[in-house]
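One structure is given below, encoded as structure tokens.
We did not get these values from a lab; they are worked out from the coordinates using the rules stated. These numbers were taken from a predicted model, which means no experiment stands behind them. Methodologically, a virtual Cβ is constructed for each residue, glycine included, from the backbone with ideal geometry; neighbour enumeration extends over all protein chains shown.
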Amino acid sequence: MDEVKKICSCYDKTGSVTSVAKKLGVSWCRVVKILSSEGYILSDNHRKIIELHKQGLSADEIAARVKVSVKTVRCYSPAVRPYYKYKRSKNALKIARWRQNNKEQ
């Protein structure tokens with residue numbers, strides 16, 4: 001099972017971002033980012049952030065309106081790029097292998 005499915009499944013069972021993060025050994029922000037990207041709405045603030053994000057506001061503007069930190073806005077906003085180390089391109093995999101081989105030497 002891939003990481004996204006594990007996170008969604010675990011969240012469906014527990015209903016807690018913190019417990020998912022602890023159980024799977026990933027950051028709270030990663031869990032929230034993935035859930036947000038998969039369509040989960042975790043709170044009223046999250047809903048507001050998503051709506052303002054869809055309107056095209058910047059993270060700074062959203063943070064000021066919702067009265068949260070910019071980091072929180074970035075965590076709650078859906079991913080626009082692939083998740084880190086998830087479904088990497090062939091080139092990214094080649095680079096990772098090269099780095100691993102040269103690290104051992």
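The relative contact order of the chain, computed from alpha carbon pairs under 8 Å that lie at least 6 residues apart in sequence, is 22 percent. Taking each DSSP H run with n ≥ 4 as -39500 (n - 2.57) and averaging over every residue of the chain yields -20000 deg cm²/dmol at 222 nm.
Expressed in Å, the radius of gyration and Dmax of the Cα atoms of the chain are 16.3, 52.
Just to be sure I understand: with springs between alpha-carbon atoms less than 10 Å apart, which residue in ALA92, ALA59, ALA21 has the highest mean-square fluctuation in the Gaussian network model of the chain? Its mean-square fluctuation being the largest, the pick is ALA92. Residue separation of LYS48 and LEU24 scaled by 0.36 nm, minus their Cα-Cα distance, works out to 5.9 nm of gained length. For GluC sites (Glu not before Pro), the sites in segment 34-63 that DSSP calls loop and that have at most 15 other Cβ atoms within 10 Å are GLU38.
Quick check on segment 1-53: what does the Kirkwood estimate of hydrodynamic radius come out to from the alpha carbon pairs, in Å?
11.2 Å
Protection proxy ranking of 2-9, 28-35, by the mean of other Cβ atoms within 10 Å over each peptide's residues and highest first, is 28-35, 2-9. Between ASP12 and TYR40, the modelled label-to-label distance comes to 1.1 nm, taking each label 7 Å out from Cα in the direction of the beta carbon. Here's the list of lysines a cross-link from LYS22 could span, going by alpha-carbon distance under 29 Å and ignoring same-chain residues fewer than 8 apart: LYS5, LYS6, LYS13, LYS33, LYS48, LYS67, LYS71, LYS85, LYS87.
In a reduced charge model with +1 at each Lys and Arg Cβ and -1 at each Asp and Glu Cβ, the chain shows a dipole moment near 480 debye about its Cα centre.
Couplings 3J(HN,Hα) for segment 52-63, derived from phi with the Karplus relation 6.51 cos²θ - 1.76 cosθ + 1.60 (θ = phi - 60°), are 5, 4, 5, 6, x, 6, 6, 4, 5, 5, 5, 4 Hz, where x marks Gly and Pro.
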